[in-house]
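A short worksheet on the structure shown next.
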Amino acid sequence: MHSHGRVKHNEDISKPDKRVLGRTDANDTPLEVHGNFPVTPELRERARALTGHALGHNATAVERAEVWFEDVNGPKGGVDVICRITLAVSGVPNVFAEARDSDPHRALALAAPKVARALKHALGRRGRSAPKLPRPAP
């Protein structure tokens, strides 16, 4: 934010404005998806969809999300893909969850509801709920 050619400092921003700065809905939350094997575009899209769905109405408390896939057994096969989801959350320590499966899509599907529960728990412990996004003027 600029005011008369200078960057506003925290003390220059009103309290109501501070509450919504950096808050985004699930579709706009920055999300990084990577792994120690090539992550397909389909898996990236699935990560965006499932993570966004898992965040639900608490998405506005999440500053950014990261999904990490790790093939722990390499070419040996078996139950070997771990999906870790980490959320940077306003006002609380990072929230994370992981799940393991032989298929990265299924590992993601198992990890997403776990991280949703962890986020709800983290926000609830602080007596907070995710702030609502301001509605656009009609």
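The values are calculated or read from the model by the stated rules, or taken from the named source; none is laboratory data. Everything quoted here is computed from the prediction, not taken from an experiment. All Cβ positions, glycine included, derive from the backbone under ideal geometry; neighbour counts span all protein chains shown. Please note that ligands, DNA and RNA were not included when accessible areas were found on the heavy atoms of the full protein model with its side chains. Shrake-Rupley method; radii C 1.70, N 1.55, O 1.52, S 1.80 Å.
Listed conditions (1) open to solvent by 40 Å² or more (accessible area, probe 1.4 Å); (2) farther than 22 Å from Gly124 by Cβ; (3) modelled with pLDDT of 90 or more; (4) in contact with a Leu (Cβ under 9 Å, 6 or more places away or on another chain) are all met by Met1, apart from (3).
Going by the structure shown, is Ala107 modelled with pLDDT of 95 or more, open to solvent by less than 70 Å² (accessible area, probe 1.4 Å) and not in a strand (DSSP E or B)?
For Ala107, the condition - modelled with pLDDT of 95 or more, open to solvent by less than 70 Å² (accessible area, probe 1.4 Å) and not in a strand (DSSP E or B) - is met.
The sole residue among Ala61, Ala97 that is touching a helix residue (DSSP H, G or I) at 6+ places or on another chain (Cβ under 8 Å), buried (at least 22 other Cβ atoms within 10 Å of the Cβ), touching a residue at least 12 places away in the same chain (Cβ under 8 Å) and small (Gly, Ala, Ser) is Ala61.
Exactly one residue out of Thr51, Thr40 is at pLDDT below 95, open to solvent by less than 50 Å² (accessible area, probe 1.4 Å) and not aliphatic (A, V, I, L, M), and it is Thr51.
Against the list (1) open to solvent by less than 90 Å² (accessible area, probe 1.4 Å); (2) at pLDDT 90 or above, the condition Gly124 fails is (2).
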